[in-house]
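The block underneath contains the structure these notes are about, expressed in structure tokens.
The values are calculated or read from the model by the stated rules, or taken from the named source; none is laboratory data. Since this is a predicted model, take the numbers as computed values, not measurements. All Cβ positions, glycine included, derive from the backbone under ideal geometry; neighbour counts span all protein chains shown. Only protein heavy atoms, including side chains, enter the accessible area calculation; ligands, DNA and RNA are left aside. Shrake-Rupley method; radii C 1.70, N 1.55, O 1.52, S 1.80 Å.
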Amino acid sequence: MEYQPDNIFAKILRNEAPSYKIYEDDATYVMMDIMPESRGHLLVLPKEGAVNIFDISDEAIAACAKTCKKIAPALMKATKADGLIISQFNHAPAGQTVFHLHCHLVPVYEGQSRQSHGRVAADADELQALAKEIASYIE
């Protein structure tokens, strides 16, 4: 599959679509997932346009990993989660729904099950408030 620059994440990166921004640097952009599996579900996007792991540059995937590591402590502190899943899907059969590589940071709470991926939209006010709180803990 060839990269399509009109995908929603590319539009967000170009400021053509809204998002709940957490963090941004030269190589990555972090935002709230609007259809989260759990409270605090984040997405880390490389700014490089790549469909998945098979066509992203080594530098861009390394930047994503570095950003995941940077953001994870702030996410855990803000949400008081008991655990954290970091995942990245490749191709539709594996669960990829937006064909711009991205990593999921999904907080896990003991005794609570996660929602299905991309099924239920979160409350906009809650997303905005939590985005600000998580951002405030980034070092």
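Could you grab me the full set of residues in segment 27-47 that are in contact (Cβ under 8 Å) with a residue 24 or more places away in the chain and either open to solvent by 80 Å² or more (accessible area, probe 1.4 Å) or more than 23 Å from Q115 (Cβ to Cβ) (or both)? Step through it out loud before you land on a result.
Within segment 27-47, the first condition is being in contact (Cβ under 8 Å) with a residue 24 or more places away in the chain, and the residues that meet it are 27-28, 30-47.
Hits for segment 27-47 are A27, T28, I34, R39, P46, K47.
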Quick one: in segment 99-121, which of the residues that are modelled with pLDDT of 95 or more and farther than 13 Å from A81 by Cα is farthest from the chain's Cα centre (by Cα)? F99
The condition of being free of Cβ contacts under 8 Å to residues at least 60 places away in the same chain, open to solvent by less than 20 Å² (accessible area, probe 1.4 Å), over 16 Å from E24 (Cα atoms) and in contact with a strand residue (DSSP E or B) (Cβ under 8 Å, 6 or more places away or on another chain) holds, among A81, A60, only for A81
For the structure I just gave you, tell me whether D125 is closer than 15 Å to K21 by Cβ, open to solvent by 10 Å² or more (accessible area, probe 1.4 Å), modelled with pLDDT of 95 or more and out of contact with any Phe, Trp or Tyr (no Cβ under 7 Å at 6 or more places or on another chain). no
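With a cut-off of at least 1 residues that are among the aromatic types (F, W, Y), name the strands (runs of 3 or more DSSP E) lying wholly within segment 27-139. Reasoning before the result, please.
Working: elements: 28-32, 42-46, 83-87, 103-108.
Passing ranges, in order: 28-32.
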